[in-house]
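The values are calculated or read from the model by the stated rules, or taken from the named source; none is laboratory data. This one's a predicted model, so the numbers in the text were calculated from it and none came from an experiment. Here the Cβ is made from the backbone with ideal geometry for all residues, glycine too, and neighbour counts use every protein chain on show. With ligands, DNA and RNA removed, areas are computed over all heavy atoms of the protein, side chains included. Shrake-Rupley method; radii C 1.70, N 1.55, O 1.52, S 1.80 Å.
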Amino acid sequence: MAITKIIADSITSGAIANTPAFSAYAGSDQNGLTDDTYTKLAMNTEFYDTDGKYDTSNYRFTPTVAGKYNFGACVYIDGSTAFTSVNLALYKNGSQLFYVSESVDSTTASTINATIELDDNDYVELYAKADVDGGGTWNLNQDGTTANNRCFWFGYKILT
């Protein structure tokens, strides 16, 4: 019974928590993005940010607490012409660490999920690219409204 109380008290006090944690989304579409070039996605609006560690001006999460973190994202990408492929990537400290790639013909909702070990001063960013048939541009399409929230990402510290 004493151990149960210690655990319950730790959870209530916040000593055991999956924080810092954030969830952010694109407040608007990102249009005219360069063909076959990774672009940092402008996730500039927060659903929540438990410890103020997500920066909405540079679209970056810096935890300031070392540990293992789980990240996930979903983005909706479209363009004026067909695609060859779409990639979604998580960058750590400015370098690509994880990515997913899919062959697509047209619009797509792409997702990624990964666990990343971070030091207190590391940072994580979300990037995407689309290889447009015959060149051209691509768009991060939030659907012109934040009511749908189809372009978002999140991260949180996992308990270990």
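Assorted remarks:
- Summing +1 for each Lys or Arg and -1 for each Asp or Glu among the other residues whose beta-carbon sits under 14 angstrom from that of G135 gives -3.
- Listed residues N141, G67, V104: farthest to the positive end of the dipole of the range 44-160 (Cβ charges): G67
- In a reduced charge model with +1 at each Lys and Arg Cβ and -1 at each Asp and Glu Cβ, the chain shows a dipole moment near 500 debye about its Cα centre.
- Rounded to the nearest Hz, the phi-derived 3J(HN,Hα) couplings of the range 108-119 under the Karplus curve 6.51 cos²θ - 1.76 cosθ + 1.60 (θ = phi - 60°) are 8, 9, 10, 10, 8, 8, 7, 9, 10, 7, 10, 7, where x marks glycine and proline.
- Helix 2-13 axis versus longest C-alpha principal axis of the chain: approximately 50°, rounded to the nearest ten.
- Signed unit charges on C-beta, dipole axis of the chain, positive-most listed residue T56, G94, T160: T160
- Straight-distance candidates among the aspartates and glutamates for linking to K68, with alpha-carbon spacing under 17 Å and chain neighbours fewer than 8 residues away dropped: D51, E117, D119, D120, D122, E125.
- Taking max minus min of the alpha-carbon positions on each principal axis, the range 38-160 gives extents of 44, 29, 22 Å, largest first.
- Fraction of accessible area attributable to carbon and sulfur, the range 108-160 (%, probe 1.4 Å): 39
- Working note: Cα atoms of the range 69-140, range along each principal axis, descending, whole Å: 42, 18, 16.
- Helices in the chain, meaning DSSP H runs of at least 4 residues, each add -39500 (n - 2.57). Divided by all residues, the mean residue ellipticity at 222 nm is -2500 deg cm²/dmol.
- Rounded accessible area per residue of the range 42-158, 1.4 Å, Å²: 44
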